[in-house]
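Colleague: Quick one: structure below, then a few questions.
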Amino acid sequence: MLSDPQSITIATIATSLPAVRIEATKTTYQSADGKQRLIISYDDKGKASTRYLIRYEEDAIAADPISAVNAKKTLAAYMVIDQPAFGFTDARVDEVMAGLKLLADSTFLLKVLGNQH
């Protein structure tokens, strides 16, 4: 298991996320107010590969721009790694993820969010 609590820093604000649910292949970490969650899990897909998931969720109450009715909305951002049972070492997966993190800087991400592809 990862260290408990986990901590995430967004826009210079660090939030502690203690584990609130621990299952065999999945742990959910959550902020004290319940508005932020970190979900870490894996799925052994029949031993041919393993899928790893790192998912961050954040809730907000926002007014619908048309009706002005407030509703709970959830933002989710996640990374998924599908690692075959053989052919790619953990070290290679780490190298690939490091490259992706460098690629996905603010300039790149804002272009993608602006529907560029």
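Colleague: Take the chain, drop everything but the C-alpha atoms, weight them equally and run the Debye formula without solvent; then report log10 I(q)/I(0) at 0.20 Å⁻¹ to two decimals.
Modeller: -1.28
Colleague: Work out, step by step, the length gained on full extension between Arg55 and Asp94: first 0.36 nm times the residue separation, then minus their alpha carbon distance; give nm to one decimal.
Modeller: The span from Arg55 to Asp94 would gain 12.3 nm if fully extended.
Colleague: Given the rule -39500 (n - 2.57) for each run of at least 4 DSSP H residues, summed and divided by the residues of the chain, what is its mean residue ellipticity at 222 nm, to the nearest 500 deg cm²/dmol?
Modeller: My calculation for the chain gives -5500 deg cm²/dmol from helical runs alone.
Colleague: Note down the nm distance, to one decimal, between modelled labels 7 Å out along Cα→Cβ at Asp105 and at Leu75.
Modeller: Modelled inter-label distance: 2.1 nm.
Colleague: Now, a different point. Distance cut-off 21 Å, Cα to Cα: go down the list Lys35/Lys111; Lys72/Lys111; Lys26/Lys47 and report the pairs above it.
Modeller: Working: Lys35/Lys111 27 Å; Lys72/Lys111 27 Å; Lys26/Lys47 18 Å.
Long pairs (Cα-Cα over 21 Å): Lys35/Lys111; Lys72/Lys111.
Colleague: Okay, next question. Sort Glu23, Glu95 so the one with the fewest other Cβ atoms within 10 Å of its own Cβ comes first. Can you show the working numbers first?
Modeller: Working: Glu23 8, Glu95 12.
With the fewest neighbours first, Glu23, Glu95 line up as Glu23, Glu95.
Colleague: Could you give the dipole magnitude of the chain about its Cα centre, charging the beta-carbon of Lys and Arg +1 and that of Asp and Glu -1, in debye to the nearest 20? Let's see the in-between values first.
Modeller: On the way: 13 positive and 14 negative charges, 38 e Å.
Dipole about the Cα centre, nearest 20: 180 debye.
Colleague: Run down the aspartates and glutamates and flag those whose C-alpha is under 13 Å from the C-alpha of Lys45, throwing out any fewer than 8 positions away in its chain.
Modeller: The qualifying aspartates and glutamates are Asp82.
Every number here is computed from the coordinates shown, using simple stated rules; none is lab data. None of these values were measured; they are calculated from a predicted model. Positions of Cβ are generated from backbone atoms using ideal geometry, with glycine treated the same way; all protein chains shown enter the neighbour counts.
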